[in-house]
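See below for the structure under consideration.
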Amino acid sequence: MSRLLLFSVLIGGASEGALVFFKRTSSETTIGYYIDIASVVLVTIGAALLLMIVPKSTRKSFRQITALMALGFLFQMVYMYIWYYYVHIADPSGVPNVSIGDFFYLGSYVFWTAAALPYLRRYGSLMSMKTRLMLVGYSLLAAIIAVLSTHYYYDNALRYGYDWFTTGVWLSYVVVPLVCFFFFLAIALLYHYDHYGKGLLRYYWLYFLAPIGLIAAADISGGFYYITYDASVPGQYSDALYLLAYSMVIASGAAVLKSDLREASMEPSRAHRGELTSTDIVGGRGYIVEDPTSARTFEMFAKLISAREGEGVRTGYVLSRQHPSQIRARYILGDTPITWITSTAGESVIDPAKASLLAHGVMKFLSKSKNGIVLLDGIESIILNNNFDRSMRMLEQLNDFVMQYRGVLLVPIDPKTFDSRELAVISRNFGMIVAGDSSFRDMMGDPSAPTKFSN
């Protein structure tokens with residue numbers, strides 16, 4: 001992600017530098033010609049890359065959203081071609097007030113909005129108060145811009161005798177980008193403050209929120225500048241935003257094509273309502289999480305280490321049966337140390353049969369960290385390589401370390417791999433984070449459940 005942003009900023013900076021150079025050495029007509037040429041080329045490449053991403057996406061929901069996003073950039077590309085034709089090939093004085101180009105321009109925003117709606121339908125009701133207040137603040141600002149802009153365009157439509165259709169299209173140029181920007185701002189705030197859908201955003205939204213936001217911001221600010229000062233916004237500023245946005249689409253498309261999209265999904269990254277969540281977890285205690293895939297626990301862990309504790313950031317430590325490279329590709333964990341639980345020799349690995357070494361490593365981390373957070377993913381493997389009682393003693397020892405150093409221990413399990421007695425032992429000294437249709441509760445109440453691990 002950092003390389004993507006660096007690449008895009010370099011292109012954007014080079015674009016603005018070129019614009020400043022052209023402004024000093026060329027006429028406005030020449031500048032506009034080269035800017036439009038660059039825009040046509042960049043948006044064409046970006047749209048092509050996005051269309052290439054669609055068949056690579058394996059999950060249906062992810063593929064549909066990608067297709068909508070690609071169609072939005074495809075419409076933007078067609079609009080740019082039409083604009084280029086009218087301004088640089090046909091007679092500029094003959095440009096109609098409303099043309100097919102307006103259909104493609106507004107259509108791009110419609111597709112981008114449609115791509116955002118499934119995400120917001122799934123997570124919108126889970127917004128925090130901070131997110132809602134920020135969206136209200138944007139809505140007030142957008143309302144002021146919309147009122148001033150529509151008043152200006154409506155007066156001009158009456159002055160020049162435009163029909164109702166032309167007037168409506170002109171007014172939509174104000175409203176449509178503002179509405180689209182609201183939806184994408186909501187997604188950005190949900191991601192940043194509420195941590196919903198992080199898996200999807202890791203592979204997708206963060207790459208394309210920024211360029212679409214830049215395009216919308218350039219359109220909104222450019223239009224507002226025009227009605228305020230009755231002149232176009234200085235060329236090198238708005239055009240640099242467009243060129244930066246299109247270059248980011250290219251960089252994003254290349255980055256996403258290189259990534260593994262098979263794990264991308266739109267599943268919630270929080271517990272069901274009524275359960276313990278990462279906001280309910282307190283220091284000095286261990287938690288057993290009903291999570292057969294461990295994905296939910298990793299999302300909670302990522303949220304905990306990203307939350308500021310006083311003036312610092314809480315540090316984390318992961319021990320997992322999954323390979324560290326797979327974990328880092330799927331979750332945003334920064335430089336969190338990860339130990340691979342495997343019998344294979346190598347660096348940052350620990351043999352699942354050596355439970356005492358595992359406990360020692362956790363104790364060493366907690367003693368050096370302030371309110372450290374430990375995720376132990378793979379307790380089933382440890383039990384298989386030792387025995388249940390010995391593994392439980394190790395787990396309770398870890399819980400003692402956590403209480404002593406005011407840390408947090410997260411242990412995901414699949415309840416179906418334990419019998420009711422074992423589940424009772426596991427849950428004795430731990431907080432329980434269970435699913436709404438909890439298999440854990442079912443197993444606890446079913447003494448005839450099959451035993452997966454025995455002494």
Exclusive hit being in contact (Cβ under 8 Å) with a residue 24 or more places away in the chain and under 16 Å from Val408 (Cβ atoms), set Ile305, Ile332:
Ile305
Let me confirm something: among Leu261, Leu319, which residue is at pLDDT 75 or above and either within 16 Å of the chain's Cα centre (by Cα) or in the same structural domain as Met392 (by TED's automatic domain parsing) (or both)?
Leu319
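Test Thr277 against the criterion of being surrounded by fewer than 18 Cβ atoms within 10 Å (Cβ to Cβ), at pLDDT 80 or above and under 18 Å from Val434 (Cα atoms), and give yes or no. Step through it out loud before you land on a result.
Numbers: surrounded by fewer than 18 Cβ atoms within 10 Å (Cβ to Cβ): yes; at pLDDT 80 or above: no; under 18 Å from Val434 (Cα atoms): yes.
It is false that Thr277 is surrounded by fewer than 18 Cβ atoms within 10 Å (Cβ to Cβ), at pLDDT 80 or above and under 18 Å from Val434 (Cα atoms).
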Quick check: anything in region 162-171 under 21 Å from the mean Cα position of the chain (by Cα) and either surrounded by 17 or more Cβ atoms within 10 Å (Cβ to Cβ) or of a type in the set (A, V, I, L, M) (or both)?
no
Is there any pair with a first residue in region 335-360 that is farther than 18 Å from Val402 by Cα and free of Cβ contacts under 8 Å to residues at least 60 places away in the same chain and a second that is part of a strand (DSSP E or B) and aromatic (Phe, Trp, Tyr) whose Cβ atoms are under 6 Å apart and which are 6 or more apart or on different chains, and what are they?
Val349/Trp340
When residues of region 166-178 are filtered for being aromatic (Phe, Trp, Tyr) and either touching a Phe, Trp or Tyr at 6+ places or on another chain (Cβ under 7 Å) or outside the structural domain of Ala216 (by TED's automatic domain parsing) (or both), how many remain?
1
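For region 348-437, which fully contained strands (runs of 3 or more DSSP E) count at least 3 residues that are closer than 21 Å to Pro324 by Cβ? Before the answer, list the steps.
On the way: elements: 373-377, 408-413, 431-433.
Output list reads 373-377, 408-413.
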Pairs needed: first member in region 57-83, under 14 Å from Ala115 (Cα atoms) and surrounded by fewer than 20 Cβ atoms within 10 Å (Cβ to Cβ); second member anywhere, polar (S, T, N, Q) and at pLDDT 80 or above; C-beta distance under 7 Å; at least 6 residues apart or different chains.
none
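The values are calculated or read from the model by the stated rules, or taken from the named source; none is laboratory data. This is a predicted model, so every value here is computed, not measured. Positions of Cβ are backbone-derived with ideal geometry, glycine not excepted, and every protein chain shown enters the neighbour counts.
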